[in-house]
Amino acid sequence: MITAVKGTQDTLFPEIGRWQRVEAVAREVFHRYGFTEIRTPILEPTELFVRGIGDETDIVNKEMYTFADRKGRSVTMRPENTAGVARAFVEHRLHESPLHSRLFYMGPQFRYERPQKGRLRQFHQIGAEVLGDAAPGTDAETIGMLVEFLQKAGVVGIEVVLNSVGCPACRPVFVALLKDALAPRAGELCGDCRRRLETNPLRVLDCKVPSCQPILDAAPAIADHLCEACAEHHAGVKRILAGMAVSFSERARLVRGLDYYTRTVFEVTSSALGSQDALLGGGRYDGLLEEIGGPAMAGFGWALGMERLLMVVPPAPSGRLPWTYAAWAGEAAYERTLALARHLRREGHVVVMEHAPRSFKSSLKRADRMNVKWVLIVGEEEVASQTYTLKDLDTGEQEALSEASLGARLREKTP
Ligand code: AMP
(Lines give C-alpha, C1' and ligand atoms only; values in the text may rest on other atoms or scores of the structure.)
Protein backbone atom coordinates (compact mmCIF):
# COMPACT_ATOMS: atom_id res chain seq x y z
CA MET A 1 0.00 0.00 0.00
CA ILE A 2 1.25 3.46 -0.85
CA THR A 3 0.70 5.79 2.07
CA ALA A 4 0.91 9.56 2.38
CA VAL A 5 4.35 11.07 2.93
CA LYS A 6 5.23 11.34 6.62
CA GLY A 7 4.00 14.61 8.11
CA THR A 8 1.36 15.18 5.42
CA GLN A 9 -2.32 14.41 5.62
CA ASP A 10 -5.49 14.02 3.59
CA THR A 11 -8.49 16.11 4.51
CA LEU A 12 -11.91 14.66 3.82
CA PHE A 13 -15.53 15.63 4.17
CA PRO A 14 -16.95 16.54 6.67
CA GLU A 15 -13.68 17.84 8.17
CA ILE A 16 -13.03 19.79 4.95
CA GLY A 17 -16.25 21.70 5.73
CA ARG A 18 -14.53 23.26 8.74
CA TRP A 19 -11.62 24.37 6.54
CA GLN A 20 -14.02 25.89 4.05
CA ARG A 21 -15.96 27.70 6.75
CA VAL A 22 -12.80 29.20 8.25
CA GLU A 23 -11.59 30.18 4.78
CA ALA A 24 -14.94 31.78 3.98
CA VAL A 25 -14.87 33.80 7.21
CA ALA A 26 -11.31 34.90 6.41
CA ARG A 27 -12.24 36.00 2.89
CA GLU A 28 -15.28 37.88 4.16
CA VAL A 29 -13.44 39.75 6.91
CA PHE A 30 -10.32 40.54 4.85
CA HIS A 31 -12.45 41.75 1.97
CA ARG A 32 -14.07 44.34 4.21
CA TYR A 33 -10.62 45.72 5.03
CA GLY A 34 -9.76 46.03 1.34
CA PHE A 35 -7.34 43.07 1.26
CA THR A 36 -7.13 41.18 -2.04
CA GLU A 37 -5.99 37.60 -2.49
CA ILE A 38 -2.63 36.64 -3.90
CA ARG A 39 -1.60 33.11 -4.92
CA THR A 40 2.11 32.68 -5.30
CA PRO A 41 3.90 29.55 -6.55
CA ILE A 42 4.86 26.77 -4.16
CA LEU A 43 8.27 26.56 -5.81
CA GLU A 44 10.52 29.55 -5.44
CA PRO A 45 14.24 30.10 -6.01
CA THR A 46 16.07 28.91 -2.89
CA GLU A 47 17.87 32.22 -2.70
CA LEU A 48 14.60 34.00 -1.95
CA PHE A 49 14.30 32.23 1.40
CA VAL A 50 18.00 32.38 2.21
CA ARG A 51 17.93 36.13 1.74
CA GLY A 52 14.41 36.78 2.91
CA ILE A 53 14.21 34.53 5.97
CA GLY A 54 17.89 34.49 6.88
CA ASP A 55 20.43 31.70 6.72
CA GLU A 56 20.81 31.54 10.49
CA THR A 57 17.18 30.53 11.04
CA ASP A 58 16.02 26.99 11.75
CA ILE A 59 13.79 27.11 8.71
CA VAL A 60 16.59 27.81 6.27
CA ASN A 61 19.18 25.78 8.14
CA LYS A 62 17.31 22.58 8.68
CA GLU A 63 13.75 22.58 7.46
CA MET A 64 13.54 23.44 3.78
CA TYR A 65 12.54 21.08 1.01
CA THR A 66 15.25 22.15 -1.40
CA PHE A 67 16.33 20.37 -4.54
CA ALA A 68 17.99 21.01 -7.86
CA ASP A 69 15.64 21.00 -10.83
CA ARG A 70 16.60 19.28 -14.08
CA LYS A 71 18.75 22.19 -15.10
CA GLY A 72 20.53 22.23 -11.76
CA ARG A 73 18.80 25.36 -10.40
CA SER A 74 18.15 25.23 -6.69
CA VAL A 75 14.46 25.54 -5.92
CA THR A 76 12.62 25.30 -2.61
CA MET A 77 9.05 24.41 -1.72
CA ARG A 78 7.98 27.48 0.20
CA PRO A 79 8.31 27.12 3.98
CA GLU A 80 6.24 30.28 4.46
CA ASN A 81 4.53 32.77 2.20
CA THR A 82 5.74 36.23 3.16
CA ALA A 83 8.93 35.97 1.12
CA GLY A 84 6.93 34.83 -1.93
CA VAL A 85 4.46 37.69 -1.53
CA ALA A 86 7.35 40.15 -1.21
CA ARG A 87 8.99 38.64 -4.29
CA ALA A 88 5.78 39.01 -6.31
CA PHE A 89 5.32 42.55 -5.02
CA VAL A 90 8.77 43.56 -6.22
CA GLU A 91 8.61 41.59 -9.47
CA HIS A 92 5.29 43.11 -10.54
CA ARG A 93 6.15 46.57 -9.25
CA LEU A 94 3.07 46.50 -7.04
CA HIS A 95 4.35 49.49 -5.10
CA GLU A 96 2.98 51.48 -8.04
CA SER A 97 -0.47 50.05 -7.38
CA PRO A 98 -2.12 51.16 -4.13
CA LEU A 99 -4.79 48.54 -4.73
CA HIS A 100 -2.23 45.79 -4.17
CA SER A 101 -0.66 46.98 -0.97
CA ARG A 102 -2.98 44.87 1.21
CA LEU A 103 -2.73 41.20 0.33
CA PHE A 104 -3.85 37.93 1.84
CA TYR A 105 -3.08 34.34 0.96
CA MET A 106 -4.05 30.84 1.96
CA GLY A 107 -2.23 27.69 1.01
CA PRO A 108 0.20 24.89 1.81
CA GLN A 109 3.67 25.46 3.23
CA PHE A 110 6.42 22.88 3.64
CA ARG A 111 8.92 22.38 6.42
CA TYR A 112 10.98 19.30 7.17
CA GLU A 113 10.23 19.23 10.88
CA ARG A 114 9.67 16.34 13.24
CA PRO A 115 5.95 15.64 12.85
CA GLN A 116 3.89 15.74 16.02
CA LYS A 117 0.47 16.97 17.08
CA GLY A 118 -0.07 20.34 15.39
CA ARG A 119 3.27 20.11 13.58
CA LEU A 120 3.31 18.81 10.05
CA ARG A 121 5.66 18.79 7.09
CA GLN A 122 2.94 20.05 4.80
CA PHE A 123 0.80 22.47 6.72
CA HIS A 124 -1.43 25.32 5.64
CA GLN A 125 -1.34 28.97 6.43
CA ILE A 126 -3.66 31.91 6.08
CA GLY A 127 -1.79 35.18 6.14
CA ALA A 128 -2.10 38.85 5.44
CA GLU A 129 0.53 41.40 4.44
CA VAL A 130 0.48 45.18 4.16
CA LEU A 131 3.29 46.58 2.06
CA GLY A 132 4.51 50.13 1.90
CA ASP A 133 2.97 51.61 5.04
CA ALA A 134 5.39 52.18 7.91
CA ALA A 135 2.96 53.86 10.30
CA PRO A 136 1.96 52.13 13.55
CA GLY A 137 -1.72 52.24 12.58
CA THR A 138 -0.98 49.57 9.97
CA ASP A 139 0.26 47.19 12.64
CA ALA A 140 -2.72 47.90 14.87
CA GLU A 141 -5.36 47.70 12.14
CA THR A 142 -3.97 44.47 10.70
CA ILE A 143 -3.89 42.89 14.18
CA GLY A 144 -7.44 44.18 14.73
CA MET A 145 -8.58 42.56 11.47
CA LEU A 146 -7.00 39.31 12.59
CA VAL A 147 -8.74 39.39 15.95
CA GLU A 148 -12.07 40.06 14.22
CA PHE A 149 -11.45 37.06 11.96
CA LEU A 150 -10.53 34.76 14.86
CA GLN A 151 -13.59 35.79 16.84
CA LYS A 152 -15.86 35.25 13.83
CA ALA A 153 -14.27 31.86 13.28
CA GLY A 154 -15.33 30.96 16.81
CA VAL A 155 -11.93 30.91 18.54
CA VAL A 156 -12.24 31.62 22.23
CA GLY A 157 -9.75 32.89 24.78
CA ILE A 158 -7.59 34.83 22.33
CA GLU A 159 -4.61 36.69 23.68
CA VAL A 160 -2.47 39.05 21.62
CA VAL A 161 1.11 39.20 22.88
CA LEU A 162 3.23 42.06 21.66
CA ASN A 163 6.85 43.16 21.64
CA SER A 164 9.20 45.29 19.57
CA VAL A 165 12.53 43.98 18.27
CA GLY A 166 13.79 47.41 17.26
CA CYS A 167 15.46 48.27 13.99
CA PRO A 168 18.93 48.01 12.44
CA ALA A 169 19.87 51.18 14.35
CA CYS A 170 18.99 50.11 17.90
CA ARG A 171 18.99 46.33 17.73
CA PRO A 172 22.77 45.86 17.41
CA VAL A 173 23.23 48.03 20.50
CA PHE A 174 20.76 45.88 22.40
CA VAL A 175 22.27 42.66 21.07
CA ALA A 176 25.69 43.73 22.38
CA LEU A 177 24.10 44.52 25.74
CA LEU A 178 22.32 41.16 25.75
CA LYS A 179 25.51 39.27 24.96
CA ASP A 180 27.33 41.06 27.77
CA ALA A 181 24.49 40.40 30.18
CA LEU A 182 24.36 36.69 29.33
CA ALA A 183 28.11 36.12 29.04
CA PRO A 184 28.76 35.44 32.75
CA ARG A 185 26.15 32.65 32.75
CA ALA A 186 26.65 31.40 29.18
CA GLY A 187 28.05 28.12 30.50
CA GLU A 188 24.70 27.36 32.14
CA LEU A 189 22.72 27.81 28.93
CA CYS A 190 21.77 24.93 26.63
CA GLY A 191 23.85 24.08 23.57
CA ASP A 192 21.42 25.77 21.20
CA CYS A 193 21.53 28.97 23.22
CA ARG A 194 25.32 28.96 23.35
CA ARG A 195 25.46 28.53 19.59
CA ARG A 196 22.85 31.22 19.03
CA LEU A 197 24.63 33.60 21.33
CA GLU A 198 27.28 33.69 18.61
CA THR A 199 25.13 33.46 15.48
CA ASN A 200 21.75 35.04 16.29
CA PRO A 201 21.76 36.28 19.90
CA LEU A 202 18.21 37.67 19.91
CA ARG A 203 16.85 34.17 19.25
CA VAL A 204 18.32 33.03 22.57
CA LEU A 205 15.39 34.80 24.22
CA ASP A 206 13.04 32.40 22.40
CA CYS A 207 14.55 29.28 24.01
CA LYS A 208 12.03 26.93 25.63
CA VAL A 209 14.51 24.73 27.54
CA PRO A 210 13.41 24.89 31.22
CA SER A 211 16.91 25.31 32.70
CA CYS A 212 17.53 28.37 30.50
CA GLN A 213 14.39 30.17 31.67
CA PRO A 214 15.59 31.85 34.88
CA ILE A 215 18.70 33.15 33.12
CA LEU A 216 16.75 34.49 30.14
CA ASP A 217 14.00 35.96 32.29
CA ALA A 218 16.66 38.07 34.02
CA ALA A 219 18.04 39.33 30.67
CA PRO A 220 17.46 42.95 29.67
CA ALA A 221 14.25 43.70 27.72
CA ILE A 222 14.64 45.04 24.20
CA ALA A 223 11.54 47.23 24.56
CA ASP A 224 13.47 49.19 27.21
CA HIS A 225 16.34 49.82 24.79
CA LEU A 226 14.64 51.01 21.62
CA CYS A 227 15.79 54.06 19.72
CA GLU A 228 13.44 57.02 19.81
CA ALA A 229 11.76 56.25 16.49
CA CYS A 230 11.15 52.60 17.43
CA ALA A 231 9.90 53.54 20.90
CA GLU A 232 7.48 56.01 19.35
CA HIS A 233 6.28 53.40 16.87
CA HIS A 234 5.77 50.85 19.63
CA ALA A 235 3.82 53.33 21.74
CA GLY A 236 1.71 54.23 18.69
CA VAL A 237 0.78 50.60 18.02
CA LYS A 238 -0.28 50.11 21.63
CA ARG A 239 -2.25 53.34 21.70
CA ILE A 240 -4.18 52.54 18.51
CA LEU A 241 -4.82 48.94 19.56
CA ALA A 242 -6.21 50.18 22.86
CA GLY A 243 -8.40 52.65 20.96
CA MET A 244 -9.74 49.78 18.89
CA ALA A 245 -10.53 47.89 22.11
CA VAL A 246 -8.17 45.08 21.09
CA SER A 247 -6.70 43.75 24.31
CA PHE A 248 -3.07 42.70 24.34
CA SER A 249 -0.20 42.08 26.70
CA GLU A 250 3.51 42.67 26.29
CA ARG A 251 6.14 39.96 26.46
CA ALA A 252 9.73 41.12 26.70
CA ARG A 253 11.16 37.85 25.37
CA LEU A 254 9.00 37.59 22.28
CA VAL A 255 11.36 37.73 19.29
CA ARG A 256 9.97 35.34 16.61
CA GLY A 257 11.93 32.96 14.46
CA LEU A 258 12.52 34.84 11.27
CA ASP A 259 15.34 37.31 10.73
CA TYR A 260 13.37 39.83 8.75
CA TYR A 261 11.31 41.28 11.56
CA THR A 262 11.76 44.89 12.66
CA ARG A 263 9.87 46.77 15.36
CA THR A 264 6.52 45.11 16.08
CA VAL A 265 6.42 41.37 16.61
CA PHE A 266 3.38 39.61 17.99
CA GLU A 267 1.80 36.26 18.58
CA VAL A 268 -1.73 35.18 19.31
CA THR A 269 -2.38 32.37 21.72
CA SER A 270 -5.68 30.74 22.56
CA SER A 271 -6.54 29.31 25.95
CA ALA A 272 -8.24 26.49 24.04
CA LEU A 273 -4.92 25.38 22.49
CA GLY A 274 -3.74 24.21 25.89
CA SER A 275 -0.01 24.16 25.33
CA GLN A 276 2.34 27.09 25.01
CA ASP A 277 2.20 26.87 21.23
CA ALA A 278 1.25 30.04 19.44
CA LEU A 279 -1.76 29.96 17.19
CA LEU A 280 -0.03 32.39 14.90
CA GLY A 281 2.62 35.02 14.69
CA GLY A 282 3.64 38.03 12.73
CA GLY A 283 5.21 41.41 12.75
CA ARG A 284 6.81 44.21 10.84
CA TYR A 285 9.51 43.54 8.28
CA ASP A 286 10.65 46.89 6.97
CA GLY A 287 13.92 45.56 5.54
CA LEU A 288 12.60 42.57 3.63
CA LEU A 289 11.71 44.09 0.28
CA GLU A 290 15.09 45.75 -0.01
CA GLU A 291 16.81 42.55 1.10
CA ILE A 292 15.37 40.67 -1.88
CA GLY A 293 16.30 43.38 -4.35
CA GLY A 294 13.22 45.61 -4.20
CA PRO A 295 12.63 49.17 -3.10
CA ALA A 296 13.15 50.18 0.51
CA MET A 297 9.58 49.71 1.65
CA ALA A 298 7.86 48.84 4.85
CA GLY A 299 5.94 45.64 5.43
CA PHE A 300 3.70 44.17 8.10
CA GLY A 301 2.05 40.79 8.20
CA TRP A 302 1.07 37.66 10.04
CA ALA A 303 0.53 34.01 9.24
CA LEU A 304 -1.56 31.48 11.06
CA GLY A 305 -1.46 27.73 10.84
CA MET A 306 -4.78 26.29 9.67
CA GLU A 307 -4.23 22.95 11.37
CA ARG A 308 -3.56 24.69 14.66
CA LEU A 309 -6.51 27.04 14.20
CA LEU A 310 -8.79 24.09 13.50
CA MET A 311 -7.87 22.62 16.89
CA VAL A 312 -9.58 25.59 18.52
CA VAL A 313 -12.58 26.28 16.30
CA PRO A 314 -15.86 24.53 17.11
CA PRO A 315 -16.22 20.98 15.76
CA ALA A 316 -18.19 20.17 12.63
CA PRO A 317 -21.91 19.83 13.38
CA SER A 318 -22.86 16.26 14.13
CA GLY A 319 -26.09 14.60 13.02
CA ARG A 320 -27.32 13.59 9.64
CA LEU A 321 -26.48 15.57 6.50
CA PRO A 322 -29.50 17.47 5.17
CA TRP A 323 -29.16 15.50 1.94
CA THR A 324 -31.47 13.19 0.02
CA TYR A 325 -30.42 9.78 -1.23
CA ALA A 326 -32.58 8.90 -4.23
CA ALA A 327 -33.20 5.14 -4.26
CA TRP A 328 -34.76 3.48 -7.28
CA ALA A 329 -35.57 0.03 -8.61
CA GLY A 330 -36.43 -0.81 -12.19
CA GLU A 331 -35.84 0.79 -15.56
CA ALA A 332 -38.80 3.21 -15.50
CA ALA A 333 -38.02 4.26 -11.93
CA TYR A 334 -34.42 5.01 -12.92
CA GLU A 335 -35.51 7.46 -15.62
CA ARG A 336 -37.98 9.10 -13.21
CA THR A 337 -35.33 9.37 -10.48
CA LEU A 338 -32.91 11.07 -12.84
CA ALA A 339 -35.60 13.66 -13.58
CA LEU A 340 -36.57 14.09 -9.92
CA ALA A 341 -32.95 14.55 -8.87
CA ARG A 342 -32.46 17.17 -11.59
CA HIS A 343 -35.58 18.99 -10.45
CA LEU A 344 -34.65 18.96 -6.74
CA ARG A 345 -31.05 20.03 -7.37
CA ARG A 346 -32.32 22.96 -9.42
CA GLU A 347 -34.34 23.94 -6.37
CA GLY A 348 -31.15 23.93 -4.31
CA HIS A 349 -31.36 20.53 -2.61
CA VAL A 350 -28.54 18.06 -2.30
CA VAL A 351 -29.47 14.81 -4.00
CA VAL A 352 -27.22 11.80 -4.27
CA MET A 353 -28.09 8.89 -6.51
CA GLU A 354 -26.22 5.80 -7.49
CA HIS A 355 -26.52 4.39 -10.96
CA ALA A 356 -25.74 0.72 -10.61
CA PRO A 357 -28.96 -1.20 -9.85
CA ARG A 358 -29.38 -2.39 -6.27
CA SER A 359 -32.23 -3.45 -4.02
CA PHE A 360 -34.11 -0.93 -1.86
CA LYS A 361 -32.75 -2.71 1.18
CA SER A 362 -29.19 -2.15 0.03
CA SER A 363 -29.97 1.47 -0.96
CA LEU A 364 -31.39 2.22 2.49
CA LYS A 365 -28.33 0.72 4.12
CA ARG A 366 -26.01 2.85 2.01
CA ALA A 367 -28.06 5.99 2.68
CA ASP A 368 -27.82 5.29 6.38
CA ARG A 369 -24.06 4.74 6.19
CA MET A 370 -23.75 7.93 4.18
CA ASN A 371 -25.46 9.59 7.13
CA VAL A 372 -27.99 11.46 4.98
CA LYS A 373 -31.27 12.55 6.47
CA TRP A 374 -33.71 11.53 3.75
CA VAL A 375 -34.25 8.75 1.29
CA LEU A 376 -36.46 9.32 -1.71
CA ILE A 377 -37.94 5.99 -2.75
CA VAL A 378 -38.91 5.55 -6.38
CA GLY A 379 -40.28 2.12 -7.29
CA GLU A 380 -42.76 0.85 -9.85
CA GLU A 381 -45.72 1.85 -7.69
CA GLU A 382 -44.44 5.38 -7.22
CA VAL A 383 -43.90 5.77 -10.96
CA ALA A 384 -47.44 4.58 -11.63
CA SER A 385 -49.05 6.83 -8.99
CA GLN A 386 -46.66 9.76 -9.55
CA THR A 387 -46.28 10.14 -5.80
CA TYR A 388 -42.93 9.43 -4.23
CA THR A 389 -42.01 8.21 -0.79
CA LEU A 390 -39.79 10.43 1.33
CA LYS A 391 -38.34 8.62 4.32
CA ASP A 392 -36.79 10.52 7.19
CA LEU A 393 -33.95 8.39 8.54
CA ASP A 394 -33.93 10.22 11.87
CA THR A 395 -37.55 9.48 12.71
CA GLY A 396 -38.34 6.61 10.34
CA GLU A 397 -41.42 8.54 9.15
CA GLN A 398 -42.52 8.16 5.54
CA GLU A 399 -44.59 10.57 3.47
CA ALA A 400 -46.05 10.28 -0.02
CA LEU A 401 -45.44 13.44 -2.04
CA SER A 402 -45.93 14.64 -5.59
CA GLU A 403 -42.98 15.90 -7.61
CA ALA A 404 -44.28 19.46 -7.24
CA SER A 405 -44.46 19.30 -3.44
CA LEU A 406 -41.21 17.41 -2.75
CA GLY A 407 -38.91 20.43 -2.90
CA ALA A 408 -41.05 22.56 -0.60
CA ARG A 409 -41.42 19.70 1.90
CA LEU A 410 -37.66 19.15 2.02
CA ARG A 411 -37.13 22.85 2.59
CA GLU A 412 -39.64 22.83 5.48
CA LYS A 413 -37.95 19.85 7.08
CA THR A 414 -34.40 21.12 6.71
CA PRO A 415 -33.09 21.98 10.16
P1 AMP B 1 5.83 30.87 11.44
O2 AMP B 1 5.81 31.05 9.96
O3 AMP B 1 6.90 29.92 11.92
O4 AMP B 1 5.78 32.16 12.18
O5 AMP B 1 4.49 30.10 11.81
C6 AMP B 1 3.24 30.73 11.77
C7 AMP B 1 2.20 29.74 12.19
O8 AMP B 1 2.18 28.66 11.26
C9 AMP B 1 2.46 29.07 13.53
O10 AMP B 1 1.98 29.84 14.59
C11 AMP B 1 1.71 27.78 13.38
O12 AMP B 1 0.33 27.98 13.62
C13 AMP B 1 1.88 27.46 11.92
N14 AMP B 1 2.96 26.49 11.71
C15 AMP B 1 4.27 26.71 11.58
N16 AMP B 1 4.94 25.57 11.37
C17 AMP B 1 4.03 24.58 11.36
C18 AMP B 1 4.09 23.17 11.19
N19 AMP B 1 5.22 22.52 10.96
N20 AMP B 1 2.94 22.47 11.24
C21 AMP B 1 1.77 23.09 11.47
N22 AMP B 1 1.65 24.42 11.63
C23 AMP B 1 2.76 25.16 11.59
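Numbers for the structure displayed
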| read-out | value |
| --- | --- |
| Qualifying position, being in contact with a His (Cβ under 9 Å, 6 or more places away or on another chain), in a strand (DSSP E or B) and touching a residue at least 12 places away in the same chain (Cβ under 8 Å), among GLN125, GLN109 | GLN109 |
| Flag for ILE42 being touching a residue at least 40 places away in the same chain (Cβ under 8 Å), β-branched (Val, Ile, Thr) and either surrounded by fewer than 19 Cβ atoms within 10 Å (Cβ to Cβ) or assigned by TED's automatic domain parsing to the domain that holds ASP286 (or both) | yes |
| Residue among GLU96, GLU56, GLU80 that is in the same structural domain as GLU148 (by TED's automatic domain parsing), open to solvent by 50 Å² or more (accessible area, probe 1.4 Å) and within 16 Å of the ligand (Cβ to nearest atom) | GLU56 |
| Residues satisfying the stated conditions in the range 120-137, i.e. closer than 12 Å to TYR285 by Cα and either touching a strand residue (DSSP E or B) at 6+ places or on another chain (Cβ under 6 Å) or open to solvent by less than 10 Å² (accessible area, probe 1.4 Å) (or both) | GLU129, VAL130, LEU131 |
| Per-region count, the range 195-228, residues among the basic types (Lys, Arg) and surrounded by fewer than 16 Cβ atoms within 10 Å (Cβ to Cβ) | 2 |
| Strands (runs of 3 or more DSSP E) within the range 175-290 that include 3 or more residues away from the ligand (no atom under 16 Å from the Cβ) | 248-250 |
| The one condition in (1) of a type outside the set (Ser, Thr, Tyr); (2) in contact (Cβ under 8 Å) with a residue 60 or more places away in the chain; (3) open to solvent by 20 Å² or more (accessible area, probe 1.4 Å); (4) out of contact with any strand residue (DSSP E or B) (no Cβ under 8 Å at 6 or more places or on another chain) that ARG342 fails to fulfil | (2) |
| Scan of the range 117-172 for residues that are acidic (Asp, Glu) and touching a helix residue (DSSP H, G or I) at 6+ places or on another chain (Cβ under 8 Å), ordered by number | GLU129, ASP139, GLU141, GLU148, GLU159 |
| Enumeration of residues in the range 391-410 that are within 11 Å of HIS349 (Cβ to Cβ), in contact (Cβ under 8 Å) with a residue 12 or more places away in the chain and either touching a strand residue (DSSP E or B) at 6+ places or on another chain (Cβ under 9 Å) or open to solvent by 10 Å² or more (accessible area, probe 1.4 Å) (or both) | LEU406, ARG409, LEU410 |
| Members of the range 53-75 found to be of a type outside the set (A, V, I, L, M), over 16 Å from TYR260 (Cβ atoms) and in contact with a helix residue (DSSP H, G or I) (Cβ under 7 Å, 6 or more places away or on another chain), listed by number | THR66, SER74 |
| Test: residue in the range 55-70 that is over 20 Å from the mean Cα position of the chain (by Cα), at pLDDT 95 or above and assigned to a loop (DSSP other than H, G, I, E, B) | yes |
| Near pairs, Cβ below 7 angstrom, 6+ apart or cross-chain, from the range 179-193 (outside the structural domain of ARG253 (by TED's automatic domain parsing)) to any residue that is in a helix (DSSP H, G or I) and loosely packed, with under 13 Cβ neighbours inside 10 Å | CYS190/SER211 |
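The values are calculated or read from the model by the stated rules, or taken from the named source; none is laboratory data. No experiment lies behind these values; they were computed from the predicted model shown. In this analysis, Cβ positions are derived from the backbone assuming ideal geometry, glycine residues included, and neighbour counts consider all displayed protein chains. All accessible areas refer to the heavy atoms of the entire protein, side chains included, with ligands and DNA or RNA removed. Shrake-Rupley method; radii C 1.70, N 1.55, O 1.52, S 1.80 Å.
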